[in-house]
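Below is one structure, written out as structure tokens, with a few remarks after it.
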Amino acid sequence: MTGILDSHQHFWQVGGFDYPWMTPEVAVLCQDYLPPALEPILNRTGVAQTILVQASNSVEETRWLLGLADHDSFIAGVVGWVDLQADDLTRQLDDLTAHPKFKGVRHLVESEPADDWLAQPKVIRGLRGLELRGLSYDLLVHTKHLKHAERVANECPELRLVVDHLAKPPIVSGEIDEWRRAITKLAAHKNVWCKLSGLVTEADHDHWRVPDLKPYVETALDCFGAQRLMFGSDWPVCLLAASYDRVLETAQSLVADLNTEDRERMFSGNATDFYQIGEIWSAAA
């Protein structure tokens, strides 16, 4: 493997944009996280490039992220934000797609009061706009949203969709049945992929163990296969429960029984294909 591609990480500046999830309960996150803090970690762990994902429903934040990507070559692509329901969506997309590292869109669906936000007609219309341009869409959802994500997969069959953080399964409680049924149904749609990310923060932050995560990862492997799963660190959110190094080591241990080709897919090839990234360079180069 020439280098790992981390499919999910964030940067932010406190006060720079509206971060609705940034509360005193997550104090470790209430500080700036910028490229100089992450780059030495990537170099140490053999991670060659990353996908930088939005953390605010803001076009201005997306432009800022693209500016970071211009400056820091390890950022292979940016998943930004547009107002999918806006009448000027075409103009927004024209502006952002002029940047070669703009790869897709995400919305903080989990912050929406309506569980069916994804299935609303104006949202579907906007997602079709992404589909026509060959962009991707990251699904930041929970179990209760997965049936609506199915609607999107049906309505936009050529839109590449990826479920962030395995749809945040209830690892703390150990409940799995409802989540398993819903994620398995969604995975039947071949335009839907999934990120092996964000699991440690769904477990007990202080006392989680690798076996706590294993049933959820095994379910994801069963329904998506190694061909549609990709590693993501979810740094710096992961710091609520684990260091970057421990997140990466945990993910590698959970799929250690896979063959070399499948592991390379999950830690590089799948994200490269999904986000349409050029050749991954080696961190050691």
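The values are calculated or read from the model by the stated rules, or taken from the named source; none is laboratory data. Owing to the predicted nature of the structure, the values given are computational and were not obtained by experimental measurement. Positions of Cβ are backbone-derived with ideal geometry, glycine not excepted, and every protein chain shown enters the neighbour counts. All accessible areas refer to the heavy atoms of the entire protein, side chains included, with ligands and DNA or RNA removed. Shrake-Rupley method; radii C 1.70, N 1.55, O 1.52, S 1.80 Å.
Here are some conditions: (1) in contact with a Leu (Cβ under 6 Å, 6 or more places away or on another chain); (2) open to solvent by less than 10 Å² (accessible area, probe 1.4 Å); (3) more than 14 Å from Q54 (Cβ to Cβ). V109 meets all but one. Which one does it not meet?
It is condition (3) that V109 fails.
How many residues does region 132-159 contain that are in a helix (DSSP H, G or I) and open to solvent by 40 Å² or more (accessible area, probe 1.4 Å)?
7
Go through the residues of region 199-206 one by one and say whether even a single one is open to solvent by less than 50 Å² (accessible area, probe 1.4 Å), within 23 Å of A76 (Cβ to Cβ) and among the charged types (D, E, K, R).
No, region 199-206 has no match at all.
Could you give me the residue pairs with C-beta distances under 7 Å whose first residue belongs to region 169-186 and is under 14 Å from H142 (Cα atoms), whose second residue is in a loop (DSSP other than H, G, I, E, B) and among the β-branched types (V, I, T) wherever it lies, and which are 6+ apart or on separate chains?
Cβ pairs passing all conditions: P169/I176.
Residues to consider are L42, L93; find the one that is open to solvent by less than 50 Å² (accessible area, probe 1.4 Å) and either farther than 24 Å from Y244 by Cβ or out of contact with any helix residue (DSSP H, G or I) (no Cβ under 9 Å at 6 or more places or on another chain) (or both).
The match here is L93.
Of (1) farther than 30 Å from A27 by Cα; (2) open to solvent by 40 Å² or more (accessible area, probe 1.4 Å), F274 satisfies all except one. Which?
Failed condition: (2).
Residue-by-condition table, conditions (1) under 12 Å from the mean Cα position of the chain (by Cα); (2) aliphatic (A, V, I, L, M):
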| position | (1), (2) |
| --- | --- |
| H107 | yes, no |
| E110 | no, no |
| A119 | no, yes |
| V123 | no, yes |
| G129 | no, no |
| L140 | yes, yes |
| E150 | no, no |
| E158 | no, no |
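Please verify whether region 254-274 includes one or more residues that are under 14 Å from I4 (Cβ atoms) and either assigned to a loop (DSSP other than H, G, I, E, B) or of a type in the set (D, E) (or both).
The answer is yes; a qualifying residue exists.
Any idea which of (1) out of contact with any Lys or Arg (no Cβ under 6 Å at 6 or more places or on another chain); (2) open to solvent by 30 Å² or more (accessible area, probe 1.4 Å); (3) farther than 29 Å from T23 by Cα is the one W193 doesn't satisfy?
The number of the failed condition is (1).
Do we have any residue at all in region 71-83 that's within 30 Å of D262 (Cβ to Cβ), of a type in the set (F, W, Y) and not in a strand (DSSP E or B)?
yes
Restricting to region 9-29, what's the tally of residues that are part of a loop (DSSP other than H, G, I, E, B), under 19 Å from T201 (Cβ atoms) and in contact with a Ser or Thr (Cβ under 8 Å, 6 or more places away or on another chain)?
3
Restricting to region 69-90, name every residue that is closer than 19 Å to W12 by Cα and either crowded, with 16+ Cβ neighbours inside 10 Å or within 16 Å of the chain's Cα centre (by Cα) (or both).
Selection gives A69, D72, F74, I75, A76, G77, V78, V79, G80, W81, V82.
Could you tell me whether D222 is open to solvent by 50 Å² or more (accessible area, probe 1.4 Å) and assigned to a helix (DSSP H, G or I)?
Against the criterion (open to solvent by 50 Å² or more (accessible area, probe 1.4 Å) and assigned to a helix (DSSP H, G or I)), D222 qualifies.
Among the residues of region 225-250, what is the count of those that are of a type outside the set (K, R), part of a helix (DSSP H, G or I) and touching a helix residue (DSSP H, G or I) at 6+ places or on another chain (Cβ under 8 Å)?
The number of residues fulfilling the criteria is 11.
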